[in-house]
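Just below is one structure, and these are the notes that go with it.
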Amino acid sequence: MSLRDTLLYVDGVTVTFDGFRALNALSLVLEKGEMRAVIGPNGAGKTTMMDVITGKTRPDSGQVVFGADTDLTRLDEPDIAALGIGRKFQKPTVFEPHSVWDNLLLALAGDRRPRFTLWARETAEERDQISGILQTIRLAEHRHRRAGDLSHGQKQWLEIGMLLAQKPQLLLVDEPVAGMTDAETEQTAELLREINRTRSVVVVEHDMAFVRALGVKVTVLHEGSVLSEGSIDHVSDDPRVVEVYLGR
Amino acid sequence: MSRLSISVTLALVLGIALVMAVLNLALPEGAALHVPTYAVSLAGKYLSYAMLAVAVDLVWGFAGILSLGHAAFFALGGYAMGMYLMRQIGTRGVYGNALLPDFMVFLNWKSLPWYWHGFDNAGFAILMVLVVPGLLALVFGWLAFRSRVTGVYLSIITQALTYALLLAFFRNDMGFGGNNGLTDFKDMFAIPLHADATRSGLMVATAVLLCAELLVARYVVTSRFGKVLIAVRDTESRTRFLGYRPEAYKLFVFVLSAVMAGIGGALYVPQVGIINPGEFSPANSIEAVIWVAVGGRGTLVGAVLGAVLVNFGKTILTGALPELWLFALGALFILVTLLLPGGILGLLSRRRARPAPTTPATEPAE
Ligand SMILES: Nc1ncnc2c1ncn2[C@@H]1O[C@H](COP(=O)(O)OP(=O)(O)OP(=O)(O)O)[C@@H](O)[C@H]1O
Ligand SMILES: [Mg+2]
């Protein structure tokens, strides 16, 4: 793998909270166009890793290089979002008082400055894009509903839709199927695979059946570092992984 | 804040203001339907308070900035207007000094402080009514929002801001008339301020500017900017991950709101005939928040309703039992918070806007 094909390089990142090491010299390489599943027991540092990549948390040491040579640890959240990194949160966070449509409208890639949004009119192109995303996330009939009134699974999808609207190069998706029914889980796996045709994705998930369904390379985190990496069969046969999952 | 409720409010505000002005000017004093001039000015005072309330609702209701110092912007606009009105007195002061206002002569000052220059020009004074509150809000907001000061901490420093201004304006050597403030105004735009026509004109002008303020505020909150603002209010950190800079949104709306409050203050002063440091008192800012809470936060129209109703109540109660007013206000706030979280407007629209149940699986497609 040459450097050119690397989209994200997490290089020796350490994060401590009051002396507790949430990430411990974590390193991880993601190729362009890759989808990666990240698993690990509770408190392994999966969400913290996303916090670091998206600029929410500044690491004590280490770098996060995006693309050729952008060090994300020097940027803040809006800058990183503008670079093309989108994030779905573990707990679905949509703009509850707004309609499904407006949630997508606000997420659509475009000028984010007040001087633009103050005068912005919805364009036909924006409408087309939103309609397209509504189809993809299966919320077309719910477009006028208040986002706060959606079911948990629908909110998860809306949030994925908002990610798509941002047109990011890299999507970070934290536990997308938590609280979903089996059918919804299956549809979500399908949706992510579809998204992955054009974009790179990192998915954090506990649901093993879901990770298996994705069929991608898996990174196992434990106590803030990588414990094992490889295919789902490889990591589930790894005795250290078995111990971590069974021994807790 | 539906289009209907805004239209109804605009029509009511303008209609009542015009009718009052006509009944004041066209009918002789003894006539049954004659509206006395003091009532006209009282209405004008309520309307300028309503301008402050709409400004507070804009930042509190739509950006989640609970400003407990908004009366400071109102008072600064008032002082800018007061300085102009002082200059309009000319040689008609007690000391007959053409160069200096009475209080400066009294303090033995020999020349006009530099910051009083230009205030004999109406255009300059009006510009200052906008610029001074706007600039203070810009500097204050830039510092506060950039450092991500939010919630209670932000409320506390806004209180500190207005309190600091209160203390500063109390000082005689500040050059704003100290404790007594600015008063004894004679003319405005070279027209006698105490003439009935001026009074009615000012009241109607306040009504018109309140309506303009409502329209601007409504435009802002229903624009895409406003949608971002509401998103910032509820889930600020989420908007950052979408690439928005919440601090820029808050700063814009904070400055806009301060300018609106300043205009309200500038209209207030000629109608009540005085501006003194008491207008900076922290309690005034808190009262403005209560008006908004009573009328219904985040509705704009509710702010107008709350400001007018509470101040009407205040006029009546302070006439009859002045010592009870603060208790009544406190009780009102507690009652509204506990029983009417949406204010009066929330009560009116409760049946229409009942939130849909959160079990949408069975909901029919629209
Ligand atoms: N802001 C914080 N302050 C203190 N400790 C924190 C903070 N954020 C995370 N932690 C701790 O860091 C550790 C890693 O947390 P993180 O949320 O990254 O785990 P996770 O792998 O996402 O777990 P889960 O599967 O439960 O979501 C946990 O022990 C957590 O308590
Ligand atoms: Mg997590």
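Quick look at the values:
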{"item": "Index of the failed condition, A:Ala25 passing every other in (1) open to solvent by 30 Å² or more (accessible area, probe 1.4 Å); (2) within 19 Å of the chain's Cα centre (by Cα)", "result": "(2)"}
{"item": "Selected residue (criterion: farthest from the chain's Cα centre (by Cα)) from residues of the range A:38-59 that are within 14 Å of another protein chain (Cβ to nearest Cβ) and among the aliphatic types (A, V, I, L, M)", "result": "A:Val52"}
{"item": "Selection count where residues are within 16 Å of ligand 2 (Cβ to nearest atom) and either under 19 Å from A:Leu134 (Cβ atoms) or not in a strand (DSSP E or B) (or both), scope the range A:174-195", "result": "5"}
{"item": "When residues of the range A:1-22 are limited to those that are among the aliphatic types (A, V, I, L, M) and either within 14 Å of chain B (Cβ to nearest Cβ) or surrounded by 14 or more Cβ atoms within 10 Å (Cβ to Cβ) (or both), the one farthest from ligand 1 (Cβ to nearest atom)", "result": "A:Leu7"}
{"item": "From the options B:Arg233, B:Arg199, B:Arg238, B:Arg224, residue that is at pLDDT 95 or above and more than 23 Å from the chain's Cα centre (by Cα)", "result": "B:Arg224"}
{"item": "Condition check for A:Thr198: more than 16 Å from ligand 2 (Cβ to nearest atom), in a loop (DSSP other than H, G, I, E, B), among the polar types (S, T, N, Q) and farther than 21 Å from A:Leu23 by Cα", "result": "yes"}
{"item": "Criterion violated by A:Gln156 - all others in (1) within 16 Å of ligand 2 (Cβ to nearest atom); (2) polar (S, T, N, Q); (3) over 16 Å from the mean Cα position of the chain (by Cα) satisfied", "result": "(3)"}
{"item": "From B:Leu14, B:Leu10, B:Leu33, B:Leu18, residue being touching a helix residue (DSSP H, G or I) at 6+ places or on another chain (Cβ under 8 Å), open to solvent by 90 Å² or more (accessible area, probe 1.4 Å) and at pLDDT 95 or above", "result": "B:Leu18"}
{"item": "The listed residue being farther than 30 Å from B:Glu247 by Cα and in contact with a helix residue (DSSP H, G or I) (Cβ under 8 Å, 6 or more places away or on another chain), out of B:Leu130, B:Leu107, B:Leu99", "result": "B:Leu107"}
{"item": "Qualifying residue in the range B:135-143 (condition: in contact with a strand residue (DSSP E or B) (Cβ under 6 Å, 6 or more places away or on another chain) and of a type in the set (A, V, I, L, M))", "result": "no"}
{"item": "Set A:Ala178, A:Ala147: member being open to solvent by less than 40 Å² (accessible area, probe 1.4 Å) and modelled with pLDDT of 95 or more", "result": "A:Ala147"}
{"item": "Neighbours by Cβ (under 8 Å, 6+ apart or cross-chain): first from the range A:77-97, open to solvent by 60 Å² or more (accessible area, probe 1.4 Å); second within 16 Å of ligand 1 (Cβ to nearest atom) and part of a loop (DSSP other than H, G, I, E, B)", "result": "A:Asp79/A:Gly55; A:Gln90/A:Glu175; A:Gln90/A:Ala178"}
{"item": "Top-ranked residue in the range B:208-256 [being of a type in the set (Ser, Thr, Tyr) and either away from chain A (no Cβ under 14 Å) or not in a helix (DSSP H, G or I) (or both); ranked as farthest from A:Pro92 (Cα to Cα)]", "result": "B:Ser223"}
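The values are calculated or read from the model by the stated rules, or taken from the named source; none is laboratory data. Remember, it's a predicted structure, so these values are computed and weren't measured experimentally. Backbone-built Cβ (ideal geometry, glycine too); neighbour counts: all protein chains shown. Keep in mind that these areas ignore ligands, DNA and RNA; they rest on the heavy atoms of the full protein, side chains included. Shrake-Rupley method; radii C 1.70, N 1.55, O 1.52, S 1.80 Å.
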